[in-house]
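Peer 1: Input: one structure, supplied below.
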Amino acid sequence: SKEEQHIAGHVAALIWAIWQNRNATVWDNSRNSPEQVGGHAFQLWQNWFEAQKFRTQTQQQQTVQHSAQWTKPHEGWIKINVDAGFFEQQTTTTTACCIRNNNGEFMGALTRKYNSRMSIMEGEGVALLDAAQLAIHKGWNFVVFESDSQNLVNAIKSKDGG
């Protein structure tokens, strides 16, 4: 179970911290208090746990990216792919869209920068809005919009709008 994995991780980190403290005592004549060893063990485990979460997220993102493949729209239609980017430290959200015709030929792109921190759903929704406004401005009537945000797609498809 997850709880057993967490306990095993804590124990392994504590044993490693004790071993490091023992080596420091033998080789460097320096000794940490039990509280310091415990704190060091906790920090080791915390760092390892965060690294595993990041690795898992990265693997999931790569799996999604590898499984997604662009498909052409029907004859005479245009496809606009939309996405949003989030930069928390700069308090910035960006949107982008890529336009291709039914032969897969690049027709254009649009990017925008918003100086506000948006939720993922807001950012993806604004990206779609930007693309829809571009299509209206260009006079395109036969347009397919595509997003990698399953939540946004589900909200649009639902009867109550999500």
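Computed from the coordinates by the stated procedures, all read-outs in this text should not be read as laboratory data. Quick caveat, the model's predicted, so the values are computed rather than measured. All Cβ positions, glycine included, derive from the backbone under ideal geometry; neighbour counts span all protein chains shown.
Peer 1: In nm, what is the difference between 0.36 nm times the number of residues separating residue 75 and residue 10 and their Cα-Cα distance?
Peer 2: Once the chain is fully extended between residue 75 and residue 10, it gains 17.5 nm.
Peer 1: Let me ask something else. Can you tell me the length gained on complete extension of the stretch residue 109 to residue 96, counting 0.36 nm per residue apart and subtracting the Cα distance?
Peer 2: Roughly 4.0 nm would be gained on extension.
Peer 1: Between 0 and 90 degrees, rounded to the nearest ten: what's the tilt of helix 2-28 against the longest Cα principal axis of the chain?
Peer 2: 50 degrees
Peer 1: Just to be sure I understand: of the beta bridges DSSP finds with both ends in the chain, what percent are antiparallel, rounded to 5?
Peer 2: That works out to approximately 80 percent antiparallel.
Peer 1: Name the residue from 144, 128, 78 whose Cα lies farthest towards the positive end of the charge dipole of the chain, charges +1 on Cβ of Lys and Arg and -1 on Cβ of Asp and Glu.
Peer 2: Value: 78.
Peer 1: Would you mind working out the magnitude of the charge dipole of the chain relative to its Cα centre, with +1 at each Lys and Arg C-beta and -1 at each Asp and Glu C-beta, to the nearest 20 Debye?
Peer 2: That gives the chain a dipole magnitude of about 180 debye.
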